[in-house]
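Single-structure report; data block below.
Throughout, read-outs are computed from the coordinates displayed, never taken from laboratory work. Predicted model only: the values in this text are computed from it and were never measured. Glycine gets a Cβ as well: all are built from the backbone with ideal geometry, and neighbour counts include every protein chain shown.
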Amino acid sequence: MLSPATAFPYRRPGCPYCGHTIDHWPKEAHVQSCRLCLRPMILLRWPTDWNGPKRLRGLLDVGFALYGLLTIALVAAFIVTGLTPHAFAKGFSVLLFIIGSVLAADGVLGLRTGMDRTGKQLRSGRPARVLAGGKLVAGSAAIVLLCIGLAL
Ligand SMILES: [Zn+2]
């Protein structure tokens, strides 16, 4: 049963990552972890649809989307405003930090829970752990590159 203090009094949304139904979400909370896959989710309190599952987003998906948008913005800034290659490299390091931490967090949680979602496919067990390990390695590599970028 839903508690009266939940932010979802009418419809119960599923986890954006694994689809597990969210039983309880404290009204004032913005970020919670899924009980099943442990991925953090962020509750967007706007715009219009206040009770629908659409405003619940995976925090890792948000990071990934942010990474995509900032990459486009950085490349556009490079072309339009003539950023120096040095400034471009610095900007790129920030992007590596975002994608590196998203991948590493997803990898660690994937190894812990044995659940992984890559693209639209959710895997569990051994294949999920293999993919999660790959993400952790890729995320760590991005953070190493970031350190090199910052040292430039
Ligand atoms: Zn989940």
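Numbers at a glance
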{"item": "V130/D23 FRET efficiency (R0 30 Å; Cβ-Cβ; nearest 0.05)", "result": "0.50"}
{"item": "Degrees separating the helix 126-151 axis from the principal Cα axis of the chain, which is the longest one", "result": "40 degrees"}
{"item": "Whole-Å semi-axes of the range 56-127's equivalent ellipsoid (Cα gyration tensor)", "result": "31, 12, 9"}
{"item": "Kirkwood hydrodynamic radius (C-alpha pairs) into Stokes-Einstein, the chain, 25 °C and 0.890 mPa s, D in µm²/s", "result": "144 µm²/s"}
{"item": "Sum of -39500 (n - 2.57) over DSSP H runs of 4+, divided by residues of the chain (222 nm, nearest 500)", "result": "-18500 deg cm²/dmol"}
{"item": "Footprinting exposure proxy for K90, K135 (fewest neighbouring C-beta atoms within 10 Å first)", "result": "K90, K135"}
{"item": "Chain lengthening between C147 and R57 when straightened (0.36 nm per residue, less Cα-Cα)", "result": "29.4 nm"}
{"item": "Cβ-isolated cysteines (cut-off 4.7 Å), the chain", "result": "C147"}
{"item": "Near-label residues of the range 121-144 by backbone N, under 20 Å of a point 7 Å along Cα→Cβ of V75", "result": "142"}
{"item": "Ranked T81, T118, T21, criterion: other C-beta atoms within 10 Å, fewest first", "result": "T81, T21, T118"}
{"item": "Order of D61, D106 under a 10 Å beta carbon neighbour criterion, fewest first", "result": "D61, D106"}
{"item": "Net charge of neighbours whose Cβ lies under 11 Å from the Cβ of L60, counting Lys and Arg as +1 and Asp and Glu as -1", "result": "+2"}
{"item": "Full-stretch length increase - R112, F64 - with 0.36 nm per residue and alpha-carbon distance subtracted", "result": "15.2 nm"}
